[in-house]
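The values are calculated or read from the model by the stated rules, or taken from the named source; none is laboratory data. Please read these numbers as outputs of a predicted model, since none were measured by experiment. Using ideal geometry, Cβ is built from the backbone for each residue, glycine included, and neighbour counts are taken over all protein chains shown.
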Amino acid sequence: MSPGHDVLPAVSADGGRAPDQYGSALTRFAQDSAAIALMEVQKLRHDPAELVTRAVQPVLWLLVFGKVMARVRAIPTGHVPYLDFLAPGILAQSALFVSIFYGIAVIWERDLGVLHKFLASPSPRVALVSGKAASAGVRALAQAVIVYVVAAAIGVHLRWNLFALVGVILTLLLGSALFATFSLIIACLVKTRERFMGMGQVLTMPLFFASNAIYPIAVMPGWLQALARVNPLSYETDALRSLMLAEGRSVFGLPTDFAVLAGEIVVLTALAARLYPRVVV
C-alpha cells in the first residue's frame, strides 16, 4: 500500500463515508462555531456598559409605553393584562435590536484585517456564520435577564417553571441567530458601514411594528395581518408569550413557531455562508 492511501477518507461497504468521519466533521464544525462564538462573547467583558445602554430602550417601553397603554386600555388583549401581553414582545424586540445590527461587526473586521484571517482558516464558512449567530443569542440572553427583572418588578405574571425558562432561552437563541444571520447577509451585500446602518434602520422598525409584539394580529388591517404572518418576529413573540406568561397561549402553536424559526435559520445560514467571502471584495 502506498503512503498516499493513508490520507484517503474512510469509506463504508456501500461506498459512502464511514460514520466516524461524519462524526468527526460534526465535532470540528461544533468546535469552530463555539470558538467564534466565544471570541464574540468575550468582547462583552471589555465593554459591559453595552449591556446597560441596550437595556434602556426595553425598560422605557415597559415602564412608560406599557404603563400608559395599560391604563388607556385601547388595545384588546383578551384575558391577558396589557403589561403581561407586552413583556414578551419587548423581550423579542430587544433581541431583534441586538441582532439586526450585528453585521456591522463583519465590516469592522474586514477593515481591521481580521476577516481575511477568518476566511484563510480551514474552518468552513458555515461554522463562521453559525458562531457569530450563536454569540448574538448569548447577548440576547443578557437582555432577557434585564427584561425579566423589570417585568417581575412591575407585576407581570411570569411563568417560572424549568420547562418554560428553557423554552424561553431556546426561543431567544433561535430568534437572535435568525436576525443576526440576516444582518450578516445585509453586510455582505452593502459592504460599507454607512449603507449598513441605513439598511438596518429601514428594516428594524417595519419588522417590529409589522408583528404581534405590541398588539394582537387580530386588530391589524388585512394587509398588515398578511405581513405579520410572514414576519419571523411574530413567531418568536408568539412562542415567548406562550412560555413566559402564567396565562400565556400560543396563537400559531409552539411546534409551528419553532419550525418557522429553525427553518429560516437553515436557509439564511446557507445563504450567508455563500455570501460571506463577498464582504472582502
Which listed residue is under 16 Å from residue 100 (Cα atoms), in a helix (DSSP H, G or I), at pLDDT 90 or above and among the aliphatic types (A, V, I, L, M), from 174, 184: 174
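For the range 61-112, which helices (runs of 4 or more DSSP H) that fit wholly inside it have 3 or more residues that are touching a residue at least 60 places away in the same chain (Cβ under 8 Å) and either within 20 Å of the chain's Cα centre (by Cα) or surrounded by 17 or more Cβ atoms within 10 Å (Cβ to Cβ) (or both)?
Working: elements: 67-72, 82-100, 104-112.
Output list reads 82-100, 104-112.
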Could you tell me which of the residues 257, 238 is under 19 Å from the mean Cα position of the chain (by Cα) and closer than 26 Å to residue 73 by Cβ? 238
Determine whether residue 187 is aliphatic (A, V, I, L, M) and either touching a residue at least 40 places away in the same chain (Cβ under 8 Å) or under 19 Å from residue 139 (Cα atoms) (or both). yes
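Given the residues 247, 264, which is the only one that is among the acidic types (Asp, Glu) and under 17 Å from the mean Cα position of the chain (by Cα)? I'd like the intermediate steps shown before the answer.
Values: 247 fails: under 17 Å from the mean Cα position of the chain (by Cα).
Going through 247, 264 in turn, just one is among the acidic types (Asp, Glu) and under 17 Å from the mean Cα position of the chain (by Cα): 264.
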